[in-house]
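Below: one structure, written as structure tokens.
The values are calculated or read from the model by the stated rules, or taken from the named source; none is laboratory data. Model, not experiment: these values are computed from the prediction. Neighbour counts run over all protein chains shown; Cβ positions are idealised from the backbone, glycine included. Note: areas computed on protein heavy atoms with side chains; ligands, DNA, RNA excluded. Shrake-Rupley method; radii C 1.70, N 1.55, O 1.52, S 1.80 Å.
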Amino acid sequence: AHSTNPIEFFAESLDASRFPTPGHYQLFQDYIKNRYTGQHLDLVMMFMARDFMLMKKLPSELVSNLPSIFVVANDLAVPDSPDGREFTGIFQRFDIQGTVKFIFHLQPDTRRVVVIGGKSNADQTTLERIAQVARSVDGVTFEFWTNRPIAELCQAAKSLPEGTVVLLGTVQRDAAGQPYYTSQVAQMLAPTASVPVYVLGAGLVGSGALGGNVTDLEKLGTDAGALAL
């Protein structure tokens, strides 16, 4: 909207959470290369919400001479640029410490925090950060529920006692190997849990979760657009 030139957008999805295989990455790579060769693109924007390392799967023939912007929303470490290509972008991390403080601000009598998370690399990294924050909190038990399918966890959350809250991390894949979006898990969990559910992303507020010191994805998109311009 702030550009003086008309801008044409092309949108593609790797859908890596549902097709996490090298064969699928190769098919996607070939498709992108064949479709956009000769299109005279000016900019590539890559939204790597699940795994920043997937940037290495993109065809160098397409992006090597183009400005590249990465928008990342997870707790994974930022790797070195593949093939020595320069890039810029926005790397959004969850405010786990702020959310834990928010929990005890609203519910100072909390003595037990049930943490629900998934089994993917990004899920495990978020759980590790939650565990780091938990070690700095005295007098409260942090219990990590990660070894059962999501359906079982949601059922168990229906009978949690007073003094307990649920902190939902991220779930890309559960213990049974089932792929999920965290928003799906929030919609299954929050409305029926017997205790308040706290979340890390703004997109999960409205599912029945009480809230959290959440990432603002709308602002993230706005900032990415400004950076691209």
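Per-structure values
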{"item": "Surface accessible to a 1.4 Å probe, per residue, for the residues of the stretch 121-208, Å²", "result": "46"}
{"item": "Listed peptides 217-225, 204-212, 146-154 by packing density, highest first (mean Cβ within 10 Å)", "result": "204-212, 146-154, 217-225"}
{"item": "Fraction of accessible area attributable to carbon and sulfur, the chain (%, probe 1.4 Å)", "result": "51"}
{"item": "Fully extended contour minus Cα-Cα distance, from E8 to D223, at 0.36 nm per residue", "result": "75.5 nm"}
{"item": "Ordering of 35-44, 1-10, 88-97 by packing [mean C-beta count within 10 Å, highest first]", "result": "88-97, 35-44, 1-10"}
